[in-house]
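Below: one structure, written as structure tokens.
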Amino acid sequence: MNPLLDRLQPYPFEKLRALFADVTPNPAYKPISLGIGEPKHPTPKFIQQALSDNLSGLASYPSTIGAEALRAAIAGWLERRYGLPPLDPATQILPVNGSREALFALAQTVVDPGQADALVMCPNPFYQIYEGAAYLAGAQPYFVNSDPARNFAPDYRSVPDDVWPRVKLLYLCSPGNPTGAVLSLEDWKELFALSDRHGFVIAADECYSEIYFKPEAPLGGLQAAHILGRSAGCGGYPRLIAFSSLSKRSNVPGMRSGFVAGDAAILKKFLLYRTYHGGAMSPPVQAASVAAWNDETHVVENRAKYMAKFQQVTPVLQTVLDVALPDAGFYLWAKVDKLANISDTDFAKRLYAEYNVTVLPGSYLARDAHGSNPGRQRIRMALVAEVGECLEAAQRIAAFCRAL
């Protein structure tokens, strides 16, 4: 067996099941889960129709590079959303089966397994796929702690100078999971300069980009590169790969549809890897994805639902927890020790036992690094259900906190 598998930690939800193993939740309350970030809004009917109208595509093998119509739809969306110059759908766009598998696979493409001291830089807290991808590529993860003073964006200036030359791949998530932080143009400028100096690839995980609460949409990596003069010609977007997905944007997590876009030279190698890996998207899913990327009305309606939810739920929780409306995304990242000295795991366990509400301990989403665990004494709440259920959960959490 591959010995690198032994480095993998249990997934956060496995840890949560173990935490709750000996708990019987209060039967007086129906269960409400804010634990898993799985969109619960209905899938738009027109996407379902496009999927069913194209089931004849099941009779054909799909190509790894995807249909021209899909790559053109993705390129068009990127150009409209981020104000980009025309992209080449043949070389700068690659459909993937959800951003999760592509985020993992990119590390296997980028990292040289013969380099014993290679590092993959990850935010902390983080999406655990980044860590697993690093280990299984033969590298070590290097965690950069989020900074509450910077609205929980990673503090890259804290990284020692002698670390950067070993970095081969840098994962970032903007808007962030679980913090909702969005990188600024100045953040991007600094990261591009470091990438130019040390040659590492930037993997920009942007799957939460279409759920936001400010008038301006979150800045994207390709957008930042274009603003900073890094988009021109066949060498455009050097060492930058952006990842996005329809799961959150269009409420289709079961379709497993997303894309990667950016540096054509890297995508050429990534396509080669994926051709052997078997990463082709089903033709009916491709057709439904074309319909989804070409429509923005359902995205605006979806965003309005989240806005209404957060506007009602956040004030209830702010009476008892240290929590604020995030820049973007559908998570609340709350500090739980405002009223009592309680750990995030004890908070989650007691809340589940007494009020039948599930939240995710923040320490399960982070690692001990540089003397601290930035998720400790925090919880992540995914406001993915309809507004009534989320509001009821918030009211139970408030009652629980007042009783502490």
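The values are calculated or read from the model by the stated rules, or taken from the named source; none is laboratory data. Since this is a predicted model, take the numbers as computed values, not measurements. Please note: Cβ atoms are built from the backbone with ideal geometry, for glycine as well, and neighbour counts cover all protein chains shown. For the accessible areas, the whole protein counts, side chains as well, though only heavy atoms, and no ligand, DNA or RNA atoms are used. Shrake-Rupley method; radii C 1.70, N 1.55, O 1.52, S 1.80 Å.
For the chain, the longest principal axis of the alpha carbon atoms and the long axis of helix 387-403 meet at an angle near 50°. Mean silhouette area of region 3-115, derived from the convex hull of its C-alpha atoms and averaged over all directions, reads 13.7 nm². Stretching the chain fully between A193 and K305 yields a gain of 36.5 nm (0.36 nm per residue, less the alpha carbon separation). Kindly state, to the nearest 0.05, the FRET efficiency for V163 paired with L4, given R0 = 22 Å and r defined as their beta-carbon distance. After rounding, the FRET efficiency stands at 0.50. The mean of 1/r over all distinct Cα pairs in region 238-316, once inverted, gives the Kirkwood hydrodynamic radius of 14.9 Å.
Quick one: helix 344-355 against the long Cα principal axis of the chain, what's the angle to the nearest 10°, folded into 0 to 90? Helix 344-355 sits roughly 60 degrees off the main axis of the chain.
The accessible surface of region 28-103, taken with every protein chain in place and a 1.4 Å probe, is 57 percent carbon and sulfur. For a modelled paramagnetic label at L391, 7 Å from Cα along Cα-to-Cβ, the residues of region 273-315 in reach, with backbone nitrogen under 20 Å, are 301-315.
Solvent-accessible surface (1.4 Å probe) assigned to D88 amounts to roughly 70 Å².
Remark on A324: its backbone amide H falls under 5 Å from those of W333, a criterion applied only to residues 5 or more positions apart or on other chains, H modelled at 1.01 Å from N.
In region 331-387, if the dipole is taken from +1 on Lys/Arg beta carbons and -1 on Asp/Glu beta carbons about the Cα centre, which of A348, L360, G375 is farthest to the positive end? Result: G375.
Over the chain, DSSP H runs of length four or greater, each weighted -39,500 (n - 2.57), average out per residue to a 222 nm ellipticity of -12000 deg cm²/dmol. Rounded to 0.05, the FRET efficiency of the Y61 and A340 pair, given R0 = 56 Å and the Cβ-Cβ distance, is 0.45.
In region 258-360, the convex hull through the Cα atoms has an average projected area of 11.0 nm², a quarter of its surface area. Average projection, convex hull of the Cα set of region 1-54: 8.2 square nanometres.
Modelled spin labels at T275 and A369, positioned 7 Å past Cα toward Cβ, are 3.5 nm from each other. Kirkwood radius and radius of gyration were both taken over the C-alpha atoms of the chain, and their ratio Rg/Rh is 0.96. In terms of distances greater than 25 angstrom between alpha carbons, the cross-link table entries K189/K338; K168/K214; K45/K248; K40/K214 yield K189/K338; K168/K214. Extension gain for the segment I227 to A28, taken as residue separation times 0.36 nm less the Cα-Cα distance, is 66.1 nm to one decimal. Surface analysis of the chain yields an accessible area of 41 Å² per residue, using protein heavy atoms and a 1.4 Å probe. Spread over its residues, the convex hull of the C-alpha atoms of region 318-404 is 98 Å³ per residue. In order along region 43-54, the Karplus-derived 3J(HN,Hα) couplings, from 6.51 cos²θ - 1.76 cosθ + 1.60 at θ = phi - 60°, round to 5, x, 4, 5, 6, 4, 5, 4, 5, 5, 6, 10 Hz, and Gly and Pro are given as x. Stokes-Einstein diffusion for region 166-277 at 4 °C, viscosity 1.567 mPa s, with a Kirkwood radius from C-alpha pairs, works out to 87 µm²/s.
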